[in-house]
Amino acid sequence: MKIEVNKIATLTGHRDPIYALDKGITEYLVFSGSGDKVIAQWNLKTFKSEKFASFPNVIYSICHISEKQLLLVGTSDGNVHVLNLENKEKIKILKNHTAQVFNIRYSLETNCIYTAGGDGNFAICSLDTFDLIKIRKLCHEKVRNIDFNYTTSEIAVASADCTIRIFDIKTLQEKKNFVGHKLSSNIVHFSTDGKFLLTGGRDGYLNIWQVGNYKIIKSIPAHEWAIYDIAYSPNSNLFATASRDKTIKIWDSKTFEMLKVINKEKDGGHLNSVNKLIWSTYKNYLISAGDDRAIIIWEINPI
């Protein structure tokens, strides 16, 4: 497979590094959150933005729950702010962590919200009442990322103690516990078909694990420095990795072959660490954000 990458636009306005992205209220809108303590909403048609909400602390994570018209915002003090998107009012603050909230996910199947904290805690709350259901101290390092596999009813959690933990989605019983990377395990992402678990670490490796026994299939020295995010294309044929080495790489999801390196020199990419990715269904745009305070929109097409 060969692909062509075109840079569509660079969106600027944030005054500090961007750590969070999520899909917006419509297909062509995107939320971003930054060290400047501001949530912005960007229009992929006009490339304009609006200041959506501001917070008292650095924003590390965003979770848009479209089915409930809610936006959850995780900040550096360990709080999760719950916003009603109809009127932009803050209706609740979840105080389940004492350090950065690095990731927020939700499941309609379990009707729960899941958060990963810099305090080493993994917390589960009710999606209806926001009450704490369970909190687990996984390690003394940061808990970084969460993903679901509904095919096997599992949750994967990555943490800075290098460990990947697999939990049963219904009982929360720990099923597997294995070393994912030589340095911090930063990101977990199940393949769309649920057969593989992709992980990225501070060691720069992209590791592919067989779901079930979680034996490693491939260990790829993908980046020169930490991998911070993984995103699949809408048709699942491709996935992208984002790294502190300032590059984005595009991969074939069937062969795990690297197809393209997107960087500053050749493509007008990011000047600093690339922290977050979204692969939008709107025009198949790949959206990246990083420490250079920029959001870049990419068009990825097969040749």
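Summary of computed values
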quantity: Some residue of segment 53-63 being of a type in the set (V, I, T), touching an Asp or Glu at 6+ places or on another chain (Cβ under 9 Å) and open to solvent by less than 20 Å² (accessible area, probe 1.4 Å); calculated: yes
quantity: Subset of segment 25-67 that is among the aromatic types (F, W, Y) and within 21 Å of I93 (Cα to Cα) - its residue that is modelled with the lowest pLDDT; calculated: F52
quantity: Subset of segment 18-35 (residues that are crowded, with 18+ Cβ neighbours inside 10 Å and either without any contact (Cβ under 8 Å) to a residue 12 or more places away in the chain or not aliphatic (A, V, I, L, M) (or both)); calculated: Y19, D22, K23, G24, F31, S32, G33, S34, G35
quantity: Matching residues in segment 74-111 - criterion: being touching a Lys or Arg at 6+ places or on another chain (Cβ under 9 Å) and assigned to a strand (DSSP E or B); calculated: T75, V80, H81, V82, L83, N84, F102, N103, Y106
quantity: Selection from segment 130-146 of residues that are open to solvent by less than 70 Å² (accessible area, probe 1.4 Å) and more than 28 Å from V179 (Cβ to Cβ); calculated: F130
quantity: Hey, Y205 open to solvent by less than 70 Å² (accessible area, probe 1.4 Å) and of a type in the set (F, W, Y) or not; calculated: no
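Conditions (1) out of contact with any Phe, Trp or Tyr (no Cβ under 7 Å at 6 or more places or on another chain); (2) outside any strand (DSSP E or B), marked per residue:
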| position | (1), (2) |
| --- | --- |
| D22 | no, no |
| I25 | yes, yes |
| V30 | no, no |
| D36 | yes, yes |
| C63 | no, no |
| L72 | yes, no |
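The values are calculated or read from the model by the stated rules, or taken from the named source; none is laboratory data. Everything quoted here is computed from the prediction, not taken from an experiment. Using ideal geometry, Cβ is built from the backbone for each residue, glycine included, and neighbour counts are taken over all protein chains shown. Only protein heavy atoms, including side chains, enter the accessible area calculation; ligands, DNA and RNA are left aside. Shrake-Rupley method; radii C 1.70, N 1.55, O 1.52, S 1.80 Å.
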